[in-house]
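One structure below.
The values are calculated or read from the model by the stated rules, or taken from the named source; none is laboratory data. Quick caveat, the model's predicted, so the values are computed rather than measured. Please note: Cβ atoms are built from the backbone with ideal geometry, for glycine as well, and neighbour counts cover all protein chains shown. Ligands, DNA and RNA are excluded from the accessible area calculation, which covers all protein heavy atoms including side chains. Shrake-Rupley method; radii C 1.70, N 1.55, O 1.52, S 1.80 Å.
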Amino acid sequence: MLRRLQIRPHLKSSSQIEAMRKANLVVAEVLQGLAAMARPGITTLELDQEAEKICRNRGAVPAFKGYHGYPASLCTSVNHVIVHGIPSKDEILKEGDLLSLDFGAVLDGWVGDSAITVEIGEVSEDAHRLSMVTREALDLAIEQVRPGKRLSDIGRAVQTHAEIAGYSVIRDFVGHGIGREMHEDPQVPNYVPEHGPDPRLETGMVIAIEPMISAGKPDVEILKDGWTAVTADGSLAAHYEHSVAVTDSNPAILSRL
Ligand code: MF3
Ligand code: CO
């Protein structure tokens with residue numbers, strides 16, 4: 001989501017969290033299905049159509065379609081596209097592409113949201129490393145999702161891991177609370193903010209953590225379609241996302257199969 005002004009977290013009961021898990025498991029199944037299909041020669045529109053089909057077959061509704069006018073069910077972000085790439089019949093995946101797949105589903109009024117980065121055929125060593133570092137950054141961030149930790153502990157985990165690897169954290173987009181709405185408070189930056197509130201995590205908070213990392217500079221440009229976010233310097237970007245609940249014990253990764 002785009003960065004904006006901040007309000008308050010919404011807490012969920014354990015039965016609500018289980019309902020959210022069901023929505024997120026639909027998302028996980030969609031992403032698993034798409035990862036198996038994503039190879040050279042397929043178009044991003046075909047992936048979008050398959051995503052919508054799997055989602056509806058599970059009794060869920062795509063969350064992104066129509067959201068602030070977004071025209072598809074899936075976001076397909078190739079190479080220097082960071083997030084919000086719009087699937088197209090004219091976009092044919094080719095060997096070496098690095099593709100972020102971001103999908104959201106609504107089931108029984110609860111929203112699930114998750115993203116993965118997949119390699120199309122054989123990718124460069126640089127692309128592979130960027131993707132692995134971004135995935136590790138998400139795992140390290142999820143480790144912080146415990147009562148008493150602060151929101152900035154999540155951002156610090158991502159930022160430290162990305163910067164030690166020589167990469168930049170994208171700052172124009174952030175993770176978010178999630179529940180009945182796709183975007184709830186709090187915002188979840190992938191860096192340590194210099195000012196502003198830094199709430200403690202509480203049992204019952206559910207957040208979508210979504211590191212977006214560039215191999216070059218962090219500057220973003222939005223294309224004329226009003227959605228596609230690219231690195232201004234054309235460098236590769238990767239993106240992973242999980243919806244995670246704070247519990248009294250370990251983090252509950254709702255969007256993991
Ligand atoms: N995971 C993305 C986000 O949280 C997906 C939103 S795409 C949109 O911002 F089209 F729905 F906005
Ligand atoms: Co999200």
Estimated inter-spin distance, Arg180 and Glu18, nm [label 7 Å along Cα→Cβ]: 2.1
Shape of segment 67-149, Cα gyration tensor, a/c cut at 1.5: oblate
Computed helical MRE - 222 nm, the chain, DSSP H runs ≥ 4 contributing -39500 (n - 2.57), nearest 500: -9500 deg cm²/dmol
Mean-position separation - Cα centroids, segment 183-257 and segment 134-177, in angstrom: 8
Segment 14-253: relative contact order as a whole-number percent, Cα under 8 Å and 6+ apart: 21
Accessible solvent surface per residue of the chain, calculated while the other protein chains remain in place, 1.4 angstrom probe, Å²: 43
Net charge dipole size for segment 152-208 [Lys, Arg +1 and Asp, Glu -1 on Cβ; Debye, nearest 20]: 120
Under 18 Å from the Cα of Lys53 - aspartates and glutamates, other chains or at least 8 residues apart: Glu29, Asp102, Asp108, Asp113
Links that overshoot a 30 Å alpha carbon limit, given the list Lys12/Lys224; Lys89/Lys224; Lys149/Lys224; Lys94/Lys217; Lys12/Lys65: Lys12/Lys224; Lys149/Lys224
GluC sites (Glu not before Pro) within segment 139-196, DSSP loop, no more than 10 other Cβ atoms inside 10 Å: Glu194
Choice from Pro211, Pro87, Pro197 showing the highest fluctuation, given a GNM over the chain with Cα pairs closer than 10 Å: Pro197
Portion, in percent, of the accessible area of segment 90-185 that falls on carbon or sulfur, probe 1.4 Å: 46
Residue with peak Gaussian network fluctuation, the chain [Cα springs, cutoff 10 Å], from Gly69, Gly33, Gly234: Gly69
Summed side-chain charge close to His80 - residues other than His80 whose Cβ falls under 12 Å, Lys, Arg +1, Asp, Glu -1: -3
Column: log10 I(q)/I(0), Debye, Cα scatterers of segment 14-253, q = 0.07, 0.10, 0.16 Å⁻¹: -0.20, -0.42, -1.13
Segment 165-210, relative contact order in percent, only Cα pairs under 8 angstrom and at least six apart counted: 43
